[in-house]
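J.: Structure provided below as structure tokens; questions to follow.
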2 protein chains.
Amino acid sequence: MITRRVTLSDVAKLACVSAITVSRVINQPEKVSGPVKEKVHSAIEKLGYIPNRSASALASARSGVIGVIIPSLSNNVFIEVLRGIYEIAGPAGYQVLMADSHYSHLEEESMVRTLLGQSPEAMIITGGGQTEYTNNMLRSAGIPVVQLMEILDEPIDMNVGISHRQAAYDVVSRLVASGYKKLGFVGARMDPRAQQRLKGYRKAMESAGVYRGDWVITTPKPSSIAMGAELFTSLMAKSAGECNAVFCVNDDLAMGALFECQRMQLAVPESMAICGFNDTEASALMNPPLTSVNVPRYDMGVKATEMVLRAIKGEALDNKVVDCGYQIKIRESTQRAIY
Amino acid sequence: MITRRVTLSDVAKLACVSAITVSRVINQPEKVSGPVKEKVHSAIEKLGYIPNRSASALASARSGVIGVIIPSLSNNVFIEVLRGIYEIAGPAGYQVLMADSHYSHLEEESMVRTLLGQSPEAMIITGGGQTEYTNNMLRSAGIPVVQLMEILDEPIDMNVGISHRQAAYDVVSRLVASGYKKLGFVGARMDPRAQQRLKGYRKAMESAGVYRGDWVITTPKPSSIAMGAELFTSLMAKSAGECNAVFCVNDDLAMGALFECQRMQLAVPESMAICGFNDTEASALMNPPLTSVNVPRYDMGVKATEMVLRAIKGEALDNKVVDCGYQIKIRESTQRAIY
DNA sequence: TTGTAAGCGTTATCAT
DNA sequence: ATGATAACGCTTACAA
């Protein structure tokens, strides 16, 4: 005895109405009279009917799906963005189909293909630099697209993010201005955002006439707390202990650097100042609290999703590009009493 | 000029074959001759054809989707499980449709409904305690279901996890045996896993005859590093400073407790021993490194996904319940030189 | 307010 | 090896 999945017409039969009426009860209840609505609802409950979204999507050309591509599930920054996306999309009746490109534009290309197969009504992808083929696919899909995280020169469609270059320039300038002229740079993964931050660091250091190429330590390897400790050690070695401050391209690295200082008995900030980027929860709670740049990750996800939802509805957008801004958080880790 | 989405028959027309042949080239290429295959492939490329999954799902009754429900996107533990799921599902040609139940079995119910609407071929959900209605929906969906994270008494179908009670019992027993008899408990969120850990703690303490109800501090509020500091402070107050060790229900709390000790100038482990749970990256790298219980989160996700994939294929499973085990990591934070 | 008929783009089934 | 035809379950367009 095989139990076929319950369909619209099963419900219709039980409620003694036509299939389209059941469909209306679900999608446009205001167009159905009270008594009929009740009959249908009780039939739906009795049978435990669950509408088939594939059939619905096929017939209506609306999938109720938003496609999202992030570079990594291991990086908390993207998780918070995701949270923002889910928090808006779900209540609005949209499903999120997420894929992880592993920081590869080639994987990203095949993921865009796959996601487009689900006929998403909008796409949210991370940053720029997509392959030409990816761009073509996205353009010809004819759906709203948001590029998220960083402000780009030539967005495909919409763009939500911050200027990582400017943010890094700002915080580094402030550090230099307050006396930290022997400020090294430590970066891992070095994705486009990290590259922008490095540019900002460099410009700030050069403006002050204190840039030193050999104080820049980077690796393409994944970022982690352990990597922060490792790179910090390299910086100490390479600068022969000359650096007395370090700008880490993110808070994980900064945390690793701080832990390493503790192990080396290097007092922070007295002997070594540390600055991170992103302002994750731990940063403000460590000892000493870490200076960082607060980036509204969750809000970016929210904003991007709100924008695509509006675009799906065909509403006009005030602006296709939204700069979410950042906040510099100066904390004890860079507040040396005497220079 | 409206550009309709490219369909199978567009490709078929261009390649001068029938639609079903194009379908075969995509899904069962071994059943199509070489020359025809080439013709079709070039037509696909020329048109930039992307198959419509909704239509495919409808016609074939295979959606290529796995539904996943986790309680929270804010908790890293579940993110690592997710990583394991995505890492296996993607390459196997499955899309993951994820939903966040916010630790609510009622939200979970509506999310199961929503996900089932996508005709997933399998479902992976967190833990037990689902509503009766949820259980019914899952059962009558007739698809493989894995309950993940903890070993349950009466799983719906398959079950992958660890015994949180046993793990907590083990580590607490070891701490007590090595002299920490004034061991408090600190817990936040108190979801079913946390409850189990509390039970394990209690049993271990009672077995040793050192259990004290007033040394158990919990809150239903979300867990965080800041909350760890707060609860630790409460414990100190409530135990009038008598406790000289604390078992935190997770590593975030343990981290917060350690930071608070540093602020209070309480030497760890000399004056206060700290033990966490989960063994997240930071734990091993802090100063001092934190004792914790390593839980194979990523592997759980991998294992669960491998199991549902096998079940989808109709392959026999050796076992419907898999205990992934755990590892106790004793580190400096609980290694007092002299008791 | 309710219903009929046609089709959405794909695949299963049965032929050729 | 390839094709014709009828589903799959729902919604749109048009009637009644």
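J.: Which one of A:Y133, A:L116, A:H105 has its Cα pushed farthest toward the positive end of the charge dipole of segment A:55-138, where Lys and Arg give +1 and Asp and Glu give -1 at the Cβ?
T.: Result: A:L116.
J.: For all pairs of alpha-carbon atoms in segment B:103-198, what percent lies in each bin of width 5 Å, listed from the first bin to the last filled one?
T.: 3, 12, 20, 20, 14, 10, 8, 6, 4, 3, 1, 0
J.: Taking the label point 7 Å from Cα in the Cβ direction, how far apart in nm is A:N136 from each other copy of itself, listed shortest first?
T.: 5.3
J.: As an exercise, use a Förster radius of 22 Å and the Cβ-Cβ distance of A:E107 and A:R139 to find the FRET efficiency, rounded to the nearest 0.05.
T.: In this case the efficiency is close to 0.65.
J.: Follow-up. Over chain B, what relative contact order in percent results from Cα pairs under 8 Å that are six or more residues apart? Intermediate values should be presented prior to the final figure.
T.: Details: 614 pairs, mean separation 51.4, N = 339.
Contact order relative to length: 15 percent.
J.: Here is a follow-up. When chain B is turned about an axis onto chain A, which of its residues keeps its C-beta closest to that axis, and how many Å is it?
T.: B:S54, 2
J.: Among the lysines, select those whose C-alpha is under 23 Å from the C-alpha of A:K203, and discard any that sit fewer than 8 residues away in the same chain.
T.: Counting by Cα, and skipping residues close in sequence, A:K203 has these lysines nearby: A:K181, A:K182, A:K238, A:K329.
J.: Additional query: Could you state the orientation-averaged shadow area of the convex hull built on the Cα atoms of segment B:243-298, in nm² to one decimal? Walk me through the numbers on the way to the answer.
T.: Details: hull surface 13.9 nm².
Average projection, Cα convex hull of segment B:243-298: 3.5 nm².
J.: A follow-up question, please. In debye to the nearest 20, how big a dipole does the protein assembly as shown give about its Cα centre with +1 on each Lys and Arg Cβ and -1 on each Asp and Glu Cβ? Kindly include the intermediate steps, with their values, before the conclusion.
T.: Values: 70 positive and 68 negative charges, 183 e Å.
Dipole magnitude for the protein assembly as shown comes out near 880 debye.
J.: Provide an ascending nm list, one decimal, of label-point separations from B:S178 to the equivalent residue in each further copy; define each label point as 7 Å from Cα along Cα→Cβ.
T.: Listed shortest first, these distances are 4.0 nm.
J.: In Å and from the alpha-carbon atoms only, list the Rg and Dmax of chain B.
T.: Looking at chain B, its Cα Rg and Dmax stand at 25.8, 85 Å.
J.: Would you mind pulling out the separation of the Cα centroids of segment B:297-339 and segment A:298-318, in Å?
T.: Cα centres, segment B:297-339 to segment A:298-318: 40 Å.
J.: Mind checking which of A:S119, A:S56, A:S234 has the largest fluctuation in a GNM of chain A, springs on alpha carbons under 10 Å?
T.: Of the options given, A:S56 has the highest mean-square fluctuation.
J.: While we're looking at this one, here's another question. If you plug each phi of segment A:229-241 into the Karplus form 6.51 cos²θ - 1.76 cosθ + 1.60 with θ = phi - 60°, what whole-Hz ³J(HN,Hα) values come out, in order, with x for Gly and Pro?
T.: 5, 5, 5, 4, 4, 4, 4, 4, 5, 5, 8, 6, x
J.: Over the whole of A:81-89, what's the average partner chain Cβ count within 10 Å per residue? Rounded to a whole number, please.
T.: Details: counts 0, 5, 4, 1, 1, 4, 3, 0, 0.
Partner Cβ neighbours, averaged per residue: 2.
J.: Quantify how strongly other chains surround peptide A:285-292 by giving the mean number of their Cβ atoms within 10 Å of each of its Cβ atoms.
T.: 3
J.: Let me check I've understood the local charge: for B:D323, count other residues with C-beta under 14 angstrom from its C-beta, Lys and Arg +1, Asp and Glu -1. What total comes out?
T.: Details: positive: B:R165, B:K303, B:K320; negative: B:E150, B:D153, B:D170, B:D299, B:D318.
Computed value for this residue: -2.
J.: State the answer as a single residue: which of A:M272, A:F185, A:V322 lies farthest towards the positive end of the charge dipole of the protein assembly as shown, with beta carbon charges of +1 for Lys and Arg and -1 for Asp and Glu, about the Cα centre.
T.: Result: A:V322, furthest along the dipole toward the positive end.
J.: Still on this model: Need the C-alpha centroid separation for segment B:246-281 versus segment A:232-289, integer Å.
T.: Cα centroid of segment B:246-281 versus Cα centroid of segment A:232-289: 21 Å apart.
J.: If the elastic network links every pair of Cα atoms under 10 Å, which of B:M205, B:M255, B:M264 fluctuates the most in the Gaussian network model of chain B?
T.: Per the Cα network of chain B with a 10 Å cutoff, B:M264 tops the list.
J.: Mean-square fluctuation check for chain B, GNM, Cα pairs under 10 Å: which of B:P220, B:P120, B:P288 is largest?
T.: B:P220
J.: Could you tell me the relative contact order of segment A:15-82? Use alpha-carbon pairs under 8 Å, at least six residues apart, and round to a whole percent.
T.: Working: 23 pairs, mean separation 11.2, N = 68.
Relative contact order, segment A:15-82: 16 percent.
J.: Give me a single rounded figure for B:53-61: the average over its residues of other chain Cβ atoms within 10 Å of their Cβ.
T.: Across B:53-61, the average partner-chain Cβ count within 10 Å equals 6.
J.: Going 7 Å from Cα along the Cα-Cβ axis for the label, what nanometre distances separate B:G325 from the same residue across the other copies?
T.: Ordered by distance, the counterparts are at 5.4 nm.
J.: Kindly put A:E260, B:E154, A:E242 in sequence by how many other C-beta atoms sit within 10 Å of each C-beta, fewest to most. Walk me through the numbers on the way to the answer.
T.: Values: A:E260 23, B:E154 8, A:E242 13.
Starting with the residue having the fewest Cβ neighbours, the order is B:E154, A:E242, A:E260.
J.: Using the alpha carbon gyration tensor of the protein assembly as shown, what are the three equivalent-ellipsoid semi-axes (square root of 5 times each eigenvalue), largest first, in whole Å? Before the final figure, lay out each step's value.
T.: Working: eigenvalues 434, 242, 93 Å².
In descending order the semi-axes read 47, 35, 22 Å.
J.: Calculate one ³J(HN,Hα) per residue across segment B:254-266 by plugging θ = phi - 60° into the Karplus curve 6.51 cos²θ - 1.76 cosθ + 1.60, and present them in order as whole Hz with x for glycine and proline.
T.: 4, 4, x, 5, 4, 4, 5, 4, 4, 5, 7, 6, 8
J.: Alpha carbon centre of segment B:107-135 versus segment B:137-195: separation in Å?
T.: Taking the Cα centre of each part, segment B:107-135 and segment B:137-195 sit 20 Å apart.
J.: How high is the relative contact order of segment B:199-339, in percent, counting Cα pairs under 8 Å that sit 6 or more residues apart?
T.: Working: 190 pairs, mean separation 28.3, N = 141.
Relative CO of segment B:199-339 lands at 20 percent.
Just so you know, all these numbers are worked out from the coordinates, no wet-lab data involved. Keep in mind that this is a model prediction, so the values were computed, not measured. We place every Cβ from the backbone using ideal geometry, glycine too, and count neighbours over all the protein chains shown.
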